[in-house]
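The values are calculated or read from the model by the stated rules, or taken from the named source; none is laboratory data. Please read these numbers as outputs of a predicted model, since none were measured by experiment. Note: ideal-geometry Cβ built from the backbone for every residue, glycine included; neighbour counts use all protein chains shown. Protein only, heavy atoms only, side chains kept; ligands, DNA and RNA dropped before computing areas. Shrake-Rupley method; radii C 1.70, N 1.55, O 1.52, S 1.80 Å.
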Amino acid sequence: MFIVNASNRYTIAMTDIEPRNWNYYAMYISRVIHGVMQEMGYSEKQIGQYFKMSGDTTVTKTHGKKAVGGINRMVMDAQYFDKKLEKEAKYQWELSEYLNRDICQPEGFDAYGYPSELFKLDMERLGISIKRKPAKVIDFSQYIENNRGTND
């Protein structure tokens, strides 16, 4: 099962849910999201705030054309994942990392990025985590012009 954040396309791959436990999938989903956020370095307070803001777990088959297209792409990509899944593990870390390596531009973002970075931007935008300093951008044309002939 793929758990996809519709806002930023961050994906978590889940497996090994026994048939008798499918009635409790929402509980499993919440636990896995909680664990992934811990691994990403978020505090218990931030995780609690995220779940409070997100409300009840909602499962949809569709969520707009662009989101569905992204999910379809992930399903196709998963077919090319060439490693074995971990037995008896609900969260498939390597498969999730593999699926989140695809650069995308979900609705609401004006630039392309990796889903993990877009997730972090969402957390900043929501006020759950502090905004990071913008990356220093080097204007290479200006750099070349200023340093032309200095190595002669």
Selection from region 52-72 of residues at pLDDT 80 or above and surrounded by 14 or more Cβ atoms within 10 Å (Cβ to Cβ) yields SER54
Residue pairs within 8 Å by beta carbon, gap of at least six or interchain, first lying in region 93-109 and touching a residue at least 24 places away in the same chain (Cβ under 8 Å), second buried (at least 21 other Cβ atoms within 10 Å of the Cβ) and assigned to a loop (DSSP other than H, G, I, E, B), listed first then second, are ASN100/TYR10; CYS104/ARG9; PRO106/ASN8; PRO106/ARG9; PHE109/ASN8
Over region 1-30, the set of residues assigned to a loop (DSSP other than H, G, I, E, B) and of a type in the set (A, V, I, L, M) is MET1, ALA6, ILE17
The number of residues in region 130-152 that are open to solvent by less than 100 Å² (accessible area, probe 1.4 Å) and either closer than 30 Å to GLY41 by Cα or modelled with pLDDT of 90 or more (or both) is 2
Taking region 28-44 and keeping only residues that are over 15 Å from the mean Cα position of the chain (by Cα) and open to solvent by 60 Å² or more (accessible area, probe 1.4 Å), one is left with ARG31, GLU44
Margin query: Take the conditions open to solvent by 40 Å² or more (accessible area, probe 1.4 Å), free of Cβ contacts under 8 Å to residues at least 60 places away in the same chain and touching a Cys at 6+ places or on another chain (Cβ under 9 Å) and apply them to TYR80. Does it pass?
Written below: no
Selection from region 83-124 of residues open to solvent by less than 70 Å² (accessible area, probe 1.4 Å), among the aliphatic types (A, V, I, L, M), within 30 Å of GLU18 (Cα to Cα) and not in a helix (DSSP H, G or I) yields ALA89
Would you say GLN92 is polar (S, T, N, Q) and at pLDDT below 90?
yes
Of (1) closer than 30 Å to TRP22 by Cβ; (2) at pLDDT 90 or above; (3) out of contact with any strand residue (DSSP E or B) (no Cβ under 6 Å at 6 or more places or on another chain), GLY127 satisfies every one except (1)
